Amino acid sequence: MKTVIQKLGVFQENNLWMKREDLIPFSFGGNKARKAQLFFKEIDNGNYDCVVTYGSGSSNHCRIVANECCRRKMNCYIISPEEASKLTFNSQMMELFGAKITTVPVAEVHDTIENKLGELRMAGKQPYFIEGGGHGNIGTEAYVQCYQEVSEYEEIEGIHFDYIFFATGTGTTHAGLVCGQLLNGDERKIVGISIARRNPRGRKVVLDSIRAYLRNNSNMSITEDSIQSATVFIDDYTDGYGKDDNRVTDAIEAVLRNYGVPLDATYTGKAFWGMEQYLIKENIKGKNILFIHTGGTPLFFDYLKGKEI
Ligand SMILES: *Cc1c(COP(=O)(O)O)cnc(C)c1O
């Protein structure tokens, strides 16, 4: 299912476009919805009767997986770190979908997952395990497909995007876009704006995902050099939100006022603000820029709600 690419406006003499992954028509969309489509294709084709995954109380991934399970009347087991299990619109929806949530200290998440899988198998169940954030080759594949949509759009519209920006977290969105570029041999700059992880670790996780995907999905010889130069992981904009720091929230409100598009304070708001700062800092002008809106709309409402208190 293709998502819309819309022209937003002009920023520093650059034409700015946005690909609306947030409008994928299931459970408020977003990149986790695109990844979940592929995970659940595998689940539907296999002999599975429940799903185990993990994530925080504000996880878009957990909301969507819980919703996909709910519509199939499958049990969904979510292991959640108690350090990040505050009440949010996403956690409320997970409850609404009947997810079975186990909250443990973050240091116990790994063992709790193993125990849950063992327990279910002992009881004769066939659990399907999805890594947090939809990590792994299937998650990467989802964004190779997204890249393909971007290429098709360019061909149809006779346009070329010089830059693609987006929020990068667990890294498979980033990895998929870079793999798409490498497989197509396209010239452009793909810039992941990190929302939390720092270099070198954050970039290394993306590189590992790229190599793992290409090992399984390509017989082209893509050199390590080209993988390295295609992977741009910017960790300068992981802050910008909090007490006395309104840089991200100012960007969120400006984008809503000017373009009518909701961004959130954890992912897309940071990435959009980071993109603007990057374009200013690098003095980039006269280019076609595509921002991929990776979703997280319920977090926009958490932000709004937080504002009134
Ligand atoms: C998870 C998420 C991301 C990051 O995607 P990764 O593939 O984990 O890097 C970006 N934006 C939103 C809204 C997300 O929910």
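The table for this structure:
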read-out: Cα-based reach from Lys32 at 12 Å (exclusive), listing aspartates and glutamates while leaving out same-chain residues under 8 positions away; value: Glu21, Asp22, Glu68, Glu131
read-out: Label-point gap, in nm, between Arg198 and Gln145 - each point 7 angstrom along Cα→Cβ; value: 3.7
read-out: Assigned charges on the beta-carbon of Lys, Arg, Asp, Glu; the chain dipole about Cα centre (debye); value: 420
read-out: Loop-located GluC sites (Glu not before Pro) in the stretch 125-213 whose Cβ has at most 10 other Cβ within 10 Å (DSSP); value: Glu187
read-out: Relative contact order %, the stretch 24-78, counting alpha carbon pairs below 8 Å whose residues are six or more apart; value: 38
read-out: The stretch 116-220, dipole about Cα centre (Lys/Arg Cβ +1, Asp/Glu Cβ -1), debye to the nearest 20; value: 920
read-out: In sequence order, calculated HN-Hα J values of the stretch 204-213 (Karplus, 6.51, -1.76, 1.60; Hz; x Gly/Pro); value: 4, 5, 5, 4, 4, 5, 5, 5, 4, 5
read-out: Set of the stretch 2-23 residues, backbone N closer than 17 Å to the point 7 Å along the Cα-Cβ line of Asn283; value: 12-14
read-out: Dipole magnitude of the stretch 87-133 about its Cα centre (Cβ charges: Lys, Arg +1; Asp, Glu -1), debye to nearest 20; value: 200
read-out: Other-chain or far-sequence residues with amide H under 5 Å of Val52's (modelled H); value: Tyr77, Tyr128, Phe129, Ile130
read-out: The stretch 84-134: chymotrypsin sites (Phe, Trp or Tyr not before Pro) in DSSP loop, at most 10 other beta carbons within 10 Å; value: none
read-out: Ellipticity estimate at 222 nm from DSSP helix runs (n ≥ 4, -39,500 (n - 2.57)) divided over the chain, nearest 500; value: -15000 deg cm²/dmol
read-out: Förster-model FRET efficiency, 22 Å R0, Glu152 and Arg257, C-beta, rounded to 0.05; value: 0.10
read-out: Kirkwood hydrodynamic radius (C-alpha pairs) into Stokes-Einstein, the chain, 37 °C and 0.692 mPa s, D in µm²/s; value: 165
read-out: Cα gyration tensor shape of the stretch 1-61, rounded if a/c is under 1.5, else prolate or oblate by comparing a/b with b/c; value: prolate
read-out: GluC sites (Glu not before Pro) within the stretch 1-62: DSSP coil, no more than 16 neighbouring Cβ in 10 Å; value: Glu13
read-out: Choice from Asp250, Asp264, Asp225 showing the highest fluctuation, given a GNM over the chain with Cα pairs closer than 10 Å; value: Asp225
read-out: GNM result for the chain, Cα springs below 10 Å: residue of Met93, Met220, Met74 fluctuating most strongly; value: Met220
read-out: Gain in span if fully extended, Lys100 to Asn217, counting 0.36 nm per residue against the direct Cα distance; value: 38.7 nm
read-out: Max mean-square fluctuation residue, GNM over the chain, Cα-Cα springs under 10 Å, options Ser194, Ser218, Ser209; value: Ser218
read-out: The stretch 1-157: relative contact order in percent, alpha carbon pairs under 8 Å with at least 6 residues between; value: 23
read-out: Estimated FRET transfer efficiency (Ser226, Glu82; beta-carbon r; R0 51 Å; 0.05); value: 0.75
read-out: Linear extension gain, Phe11 paired with Asp162, 0.36 nm per residue minus alpha-carbon span; value: 53.0 nm
read-out: Cα gyration tensor category, rounded, prolate or oblate, for the stretch 15-104 with a/c compared to 1.5; value: oblate
read-out: Rounded, prolate or oblate (a/c below 1.5 giving rounded, otherwise prolate when a/b exceeds b/c) for the stretch 113-265 by Cα gyration tensor; value: oblate
read-out: Span from the the stretch 137-168 Cα centroid across to the the stretch 230-307 one, whole angstrom; value: 19
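Values in this text are rule-based calculations from the coordinates and carry no lab data. Computed from a predicted structure; not experimentally measured. Methodologically, a virtual Cβ is constructed for each residue, glycine included, from the backbone with ideal geometry; neighbour enumeration extends over all protein chains shown.
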